[in-house]
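Just so you know, all these numbers are worked out from the coordinates, no wet-lab data involved. Source: prediction; values computed, not measured. Backbone-built Cβ (ideal geometry, glycine too); neighbour counts: all protein chains shown.
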Amino acid sequence: MPGLYIVATPIGNLGDITPRAAATLAHADVIAAEDTRVTAKLLAHLGLRISMTPYHDHSDERARAALVARMEREVVVLVSDAGTPLISDPGYKLVRDARAAGRHVTTLPGPCAAIAAITLSGLPSDRFLFAGFLPNKAKARADTIAEFAELRASLVFYESGPRLSAALAALAEGLGDRQAAVAREISKLYEQCVTGTLTELAARYADAPPRGEIVIVVGPPGEAATEAADDATLDAALRNAMADRPVAQAAKAVAKRFGLDRHAVYARALALKGGD
Ligand code: SAM
């Protein structure tokens, strides 16, 4: 059937291509690929020679319109370099325009580093937010992290080796020292998943940025804070924090640090303030 076929491809191990994905690639009239050189390797592995065209969401409108036109009579397959198209990869505008034009749109599920990492991490998987790549600049990164601080969900970020330690430190600063996992080279020879608190992991990778592709998973607030929050520790932290900032801000920071409920900590802060 003509239309748009969104096809997930392996994130490392070529054996992870699904039989349906391979069959769909074999029947494609054209493959819209993020990087045709990368996809050429997959096609060679499958013994296929199929026509390809480069596709990016910032490809010009005419290239996209041409693909949408072809979908009326032809099988157009969308792939990215690795994993599921549209997940921190191009494709959203092509799907949007194909739908608007009334084309048949279907997806062939398969590998995705975010999902693979959450399954490896041992962190709560009932609720998670996929946050893609953090911004490069420190201020923008901190602002983005702050948006997630109150979410009662695990958080999943894509990262690269050189930025890893700084990203982990910024996450510890913005979210508190939560439990986390660094999943690396998933499905490849040197697959590894290292767990610990954010500050432990930041320290581990500070002097030795790891090679390869990386996903960070951070546990939800309150689930796994490792700093002991007995009453005396909590009171001392609150007094300390209130010395240089308003009560509400101090309570928020301390709640974050210990992974505690913000309202309960605020109430304790008010009580301490009143008693001083
Ligand atoms: N669309 C892809 C997917 O479904 O996962 C993600 C594409 S995004 C441009 C590439 C990022 O995904 C990498 O920088 C890394 O953070 C993560 N990634 C991809 N393959 C990975 C792997 N084998 N192990 C760990 N992370 C991986």
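Only beta bridges with both residues in the chain are counted; by DSSP, about 50 percent of them are antiparallel. Around the amide H of Gly3, modelled in the peptide plane, lie the amide H atoms of Glu74, Val75, Val76, all under 5 Å away and 5 or more residues distant in sequence or on another chain.
Charges only on Cβ, +1 for Lys and Arg, -1 for Asp and Glu: so what's the dipole of the chain about the Cα centre, in debye to the nearest 20? Kindly include the intermediate steps, with their values, before the conclusion.
Numbers: 31 positive and 32 negative charges, 107 e Å.
With only Lys, Arg, Asp and Glu charged at Cβ, the dipole is about 520 debye.
Based on the alpha-carbon gyration tensor of the range 231-275 and its eigenvalue square roots a ≥ b ≥ c, which shape applies: rounded if a/c is under 1.5, prolate if not and a/b is larger than b/c, or oblate? Rounded, because the longest to shortest axis ratio a/c is under 1.5.
Going from the fewest other Cβ atoms within 10 Å to the most, the residues Leu108, Leu155 appear in the order Leu108, Leu155. Spatial offset of the range 142-163 relative to the range 28-43 amounts to 32 Å, using the alpha carbon center of each.
Using a ≥ b ≥ c from the Cα gyration tensor of the range 49-96 (square roots of the eigenvalues), is it rounded, prolate or oblate, where a/c under 1.5 gives rounded and otherwise the larger of a/b and b/c decides, a/b for prolate?
Numbers: a/c = 1.70, a/b = 1.22, b/c = 1.40.
In terms of gyration-tensor shape, oblate.
A straight chain from Val194 to Arg99 at 0.36 nm per residue would run longer than the Cα-Cα distance by 30.1 nm.
If packing is taken as the mean number of other Cβ atoms within 10 Å per residue, what is the order of 195-204, 40-49, highest first? Could the numbers behind the result be given before it?
Numbers: 195-204: 19.5, 40-49: 13.9.
Highest mean packing first, the order is 195-204, 40-49.
The value of relative contact order for the range 154-224, using C-alpha pairs under 8 Å at least six residues apart, is 49 percent. For the chain, the mean residue ellipticity at 222 nm estimated from helices alone is -13000 deg cm²/dmol, where every DSSP H run of n ≥ 4 contributes -39500 (n - 2.57) and the total is divided by all residues, rounded to the nearest 500.
So how do Tyr158, Tyr92, Tyr5 line up by other beta-carbon neighbours within 10 Å, fewest first?
Numbers: Tyr158 18, Tyr92 12, Tyr5 25.
The order, fewest Cβ neighbours first, is Tyr92, Tyr158, Tyr5.
Multiplying the residue separation of Leu48 and Leu270 by 0.36 nm and removing their Cα-Cα distance gives an extension gain of 73.0 nm.
Ordering 97-104, 171-178 by mean Cβ neighbour count within 10 Å, with the highest value first, yields 171-178, 97-104. For the range 29-40, the Karplus equation 6.51 cos²θ - 1.76 cosθ + 1.60, evaluated at θ = phi - 60°, returns couplings of 7, 8, 10, 8, 10, 4, 9, 5, 5, 5, 5, 4 Hz by residue, with Gly and Pro reported as x.
Over the chain, Cα pairs under 8 Å with separation of 6+ residues give a relative contact order of 17 percent. Note on the chain: with a GNM built from Cα contacts shorter than 10 Å, the maximum mean-square fluctuation among Asp143, Asp231, Asp261 falls on Asp231.
Multiplying the residue separation of Arg163 and Arg245 by 0.36 nm and removing their Cα-Cα distance gives an extension gain of 26.4 nm.
Expressed as a rounded percentage, what relative contact order does the range 3-108 have, with Cα pairs under 8 Å and six or more residues apart? Worked out over the range 3-108, it gives 44 percent. Karplus-based coupling profile of the range 231-243, in residue order and whole Hz: 4, 5, 5, 5, 4, 5, 5, 5, 4, 4, 5, 6, 5, with θ = phi - 60° in 6.51 cos²θ - 1.76 cosθ + 1.60 and x standing for Gly or Pro.
Under 1.5 on a/c is rounded, so check that first for the range 113-152, then, if it is not, pick prolate when a/b is larger than b/c and oblate when it is not; a ≥ b ≥ c are the square roots of the alpha carbon gyration tensor eigenvalues. Present the calculation step by step, with values, prior to reporting the outcome.
Working: a/c = 3.29, a/b = 1.73, b/c = 1.90.
Oblate, because a/c is 1.5 or more while a/b does not exceed b/c.
With everything on Cα atoms, drop me the angle between helix 138-148 and the longest principal axis of the chain, reported from 0 to 90° to the nearest 10. Around 90 degrees separate the two axes.
Phi-derived couplings, Karplus 6.51 cos²θ - 1.76 cosθ + 1.60 at θ = phi - 60°, listed residue by residue for the range 56-66: 9, 5, 8, 4, 6, 3, 5, 5, 5, 4, 5 Hz, with x used for Gly and Pro. Taking the Cα centre of the range 113-218 as reference, the dipole from Cβ charges on Lys and Arg (+1) and Asp and Glu (-1) amounts to some 160 debye.
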